[in-house]
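Engineer: I'd like to ask some things about the structure below.
The values are calculated or read from the model by the stated rules, or taken from the named source; none is laboratory data. Just so it is clear, the structure is predicted and the values come from calculations on it, not from any experiment. So basically every Cβ, Gly included, is an ideal-geometry build from the backbone, and we count neighbours across all protein chains shown. Areas reflect the complete protein model, heavy atoms only, side chains present, ligands, DNA and RNA absent. Shrake-Rupley method; radii C 1.70, N 1.55, O 1.52, S 1.80 Å.
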Amino acid sequence: MREPTVTPTQIERFFPEDEIIVSKTDLKGRITYANQTFLKIAGFTEAEVLGQPHSIIRHPDMPRCVFKLLWDTLHSRQEIFAYVKNMSRNGDHYWVFAHVTPTFDERDQVVGYHSSRRVPDRSQVELFTGLYQQLLDEERKFPDWRQGMEASTQMLLNVISAKKMEYDEFIFSV
């Protein structure tokens, strides 16, 4: 597993455009499945990730508000798309365009989550790098992380609202 003290290397990794990173989690976000593309780019073995929180690949450049939006959307039984900067075991990073959906059982109960990640458009990576930095800067203004997350969430909603769009429209229009 990646140690919590891993320092980002500022080195970007890439995966082939014809491959998709796939993972599944339980209701608490613990990994129950990871495909070979996930394992290769993240630098883990299957045994090392199974049962671990999906946040094992969270990059410190990702604002908390993005994950709040993701979880709020999933808890409302809806799918979400997002640009995400992840961190490999050794501190390298990789960008993805993620599509995360709830997984339902035969009784229409949510039993987990499924994420498919594709290679993102490079111009979107540049745009989201800047936006996420602004959101992180807002989060860091507050000594309490919860207040920072709420402030950055409001900032993100204001950015989307200023464009007179809903989140889904925004993510596909940029």
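Engineer: Students often get this wrong: which residues of segment 3-29 have the backbone nitrogen under 17 Å from the point 7 angstrom along Cα-to-C-beta of Gln109?
Structural biologist: 26-29
Engineer: Express the carbon and sulfur contribution to the solvent-accessible surface of segment 48-115 as a percent, rounded to the nearest whole number, probe 1.4 angstrom.
Structural biologist: Ligands and nucleic acids excluded, carbon and sulfur reach 51 percent.
Engineer: In addition: With labels modelled as points extended 7 Å from the Cα through the Cβ direction, what inter-label distance (nm, one decimal) is found for Asn35 paired with Phe14?
Structural biologist: 2.0 nm
Engineer: Here's another thing I want to ask about it. Classify segment 19-157 from the C-alpha gyration tensor, please: rounded if a/c falls under 1.5, else prolate or oblate depending on whether a/b exceeds b/c.
Structural biologist: oblate
Engineer: Right, something else. What size of dipole, in debye to the nearest 20, comes out for the chain about its Cα centre when the only charges are +1 on Lys and Arg C-beta atoms and -1 on Asp and Glu C-beta atoms?
Structural biologist: Dipole size: approximately 300 debye.
Engineer: Compare Pro63, Pro16, Pro53 in a GNM of the chain, Cα atoms joined below 10 Å, and give the one with the largest fluctuation.
Structural biologist: Pro16
Engineer: If you find the alpha carbon centre of segment 111-162 and of segment 49-102, how far apart are they in angstrom?
Structural biologist: 11 Å
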